[in-house]
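J.: Take this structure first; my questions come after.
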Amino acid sequence: YARAIALAPQPSPDLYFERARFLREVGRESAAIQVLDRGVARLGPLASLEELAIDIDLARKNYDGALARLDRVFPPGARQETRLVRRGEILVAAGRSREARETFERAQRAIEALPSRLRQTRAVQQLEGRVRSSLESLRVAGPEKEKTDAKS
């Protein structure tokens, strides 16, 4: 893949994606991130490359890096409900429950503000289900965390 990228006048995003995926599989996550960053630098911000980088950042517990990448994938002005749900999920993984709850609530409001024809799509309904499930998980986990904090 490295040779194909070097020789191609305009390498396809798939070459960067597959090389990074291979590097990740063999445990070379830092090298995989570098490949993805080079692909983004050369080809521009592509969701497929950034999503794989987000997954790698999450596996490495680089939550701030994952959040920064997410913001690059979804530019300001674009519909935000998908970005907000993914952001909430990253915040949950980072242990930032309060921020996650606020983010999921914003996602819920963004979904509710969509026109009916969009809210009825399978993708938006699934997204809304993820929001409800995440908010419920945070609600259930909240009192337990408060009990743990009270004991300290």
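J.: Hey, could you check region 21-36 for residues that are more than 19 Å from the chain's Cα centre (by Cα) and charged (D, E, K, R) and say which is surrounded by the fewest Cβ atoms within 10 Å (Cβ to Cβ)? Show your work before the answer.
T.: So in region 21-36, the residues more than 19 Å from the chain's Cα centre (by Cα) come out as 22-23, 25-28, 31.
Checking the rest, the ones that are also charged (D, E, K, R) come to 25, 28.
Numbers: GLU25: 10, ARG28: 14.
Per the criteria, the residue is GLU25.
J.: Among all residue pairs at least 6 apart or on different chains, which show Cβ distances below 9 Å where the first residue, located in region 84-106, is free of Cβ contacts under 8 Å to residues at least 12 places away in the same chain and over 13 Å from ILE54 (Cα atoms) and the second is among the small types (Gly, Ala, Ser) and crowded, with 16+ Cβ neighbours inside 10 Å?
T.: GLU99/GLY88; GLU102/GLY88
J.: Checking GLU81 against (1) more than 20 Å from ALA47 (Cβ to Cβ); (2) at pLDDT below 95, which single condition isn't satisfied?
T.: Only one criterion in (1) more than 20 Å from ALA47 (Cβ to Cβ); (2) at pLDDT below 95 is unmet by GLU81, namely (1).
J.: Another question, if that's okay. Just to be sure, is ALA93 open to solvent by less than 40 Å² (accessible area, probe 1.4 Å) and within 27 Å of LEU138 (Cα to Cα)? It would help to see each step written out before you state the result.
T.: Values: open to solvent by less than 40 Å² (accessible area, probe 1.4 Å): no; within 27 Å of LEU138 (Cα to Cα): yes.
No; evaluated as a whole, the condition is false for this residue.
J.: Another one. Please work out if GLU18 is free of Cβ contacts under 8 Å to residues at least 60 places away in the same chain and open to solvent by 60 Å² or more (accessible area, probe 1.4 Å).
T.: Details: free of Cβ contacts under 8 Å to residues at least 60 places away in the same chain: yes; open to solvent by 60 Å² or more (accessible area, probe 1.4 Å): no.
So GLU18 does not fit the description; no.
J.: Kindly establish whether PRO45 is out of contact with any helix residue (DSSP H, G or I) (no Cβ under 8 Å at 6 or more places or on another chain) and either of a type in the set (Phe, Trp, Tyr) or surrounded by fewer than 19 Cβ atoms within 10 Å (Cβ to Cβ) (or both). Full working, then the answer.
T.: Values: out of contact with any helix residue (DSSP H, G or I) (no Cβ under 8 Å at 6 or more places or on another chain): no; either of a type in the set (Phe, Trp, Tyr) or surrounded by fewer than 19 Cβ atoms within 10 Å (Cβ to Cβ) (or both): yes.
No; evaluated as a whole, the condition is false for this residue.
J.: Continuing with this model, one more query. Would you check which residues across region 1-39 are aromatic (Phe, Trp, Tyr) and under 15 Å from GLU50 (Cα atoms) and list them? If you could, list the steps in order and put the result at the bottom.
T.: Keep residues of region 1-39 that are aromatic (Phe, Trp, Tyr), which gives 1, 16-17, 22.
Selection gives TYR16, PHE17.
J.: Scan region 115-130 residue by residue and report those that are small (Gly, Ala, Ser) and either in contact with a His (Cβ under 7 Å, 6 or more places away or on another chain) or open to solvent by less than 40 Å² (accessible area, probe 1.4 Å) (or both). Give the derivation first.
T.: Taking region 115-130 first, the residues small (Gly, Ala, Ser) are 116, 123, 129.
Within region 115-130, just GLY129 meets the criteria.
J.: What are the pairs, 6+ residues apart or on separate chains, where a residue within region 27-50 that is without any contact (Cβ under 8 Å) to a residue 40 or more places away in the chain has its Cβ under 8 Å from a residue that is open to solvent by less than 60 Å² (accessible area, probe 1.4 Å) and of a type in the set (Asp, Glu)?
T.: Taking only residues 6 or more apart or on different chains, the pairs are ILE33/ASP57; LEU36/GLU50; VAL40/GLU50.
J.: Taking ALA68 as the residue in question, decide whether it is surrounded by fewer than 19 Cβ atoms within 10 Å (Cβ to Cβ), within 30 Å of GLY95 (Cα to Cα) and without any contact (Cβ under 8 Å) to a residue 12 or more places away in the chain. Please lay out each step first, then the result.
T.: On the way: surrounded by fewer than 19 Cβ atoms within 10 Å (Cβ to Cβ): yes; within 30 Å of GLY95 (Cα to Cα): yes; without any contact (Cβ under 8 Å) to a residue 12 or more places away in the chain: yes.
Yes, satisfied.
J.: So which residues in region 68-118 are among the aromatic types (Phe, Trp, Tyr) and in a helix (DSSP H, G or I)?
T.: At the first step, the residues of region 68-118 found to be among the aromatic types (Phe, Trp, Tyr) are 74, 104.
PHE104 - this is the single residue of region 68-118 that is among the aromatic types (Phe, Trp, Tyr) and in a helix (DSSP H, G or I).
The values are calculated or read from the model by the stated rules, or taken from the named source; none is laboratory data. Source: prediction; values computed, not measured. Cβ sites come from the backbone with ideal geometry, for glycine too, and all protein chains shown count toward neighbours. These area figures cover heavy atoms from the full protein model, side chains too; ligands, DNA and RNA do not enter into them. Shrake-Rupley method; radii C 1.70, N 1.55, O 1.52, S 1.80 Å.
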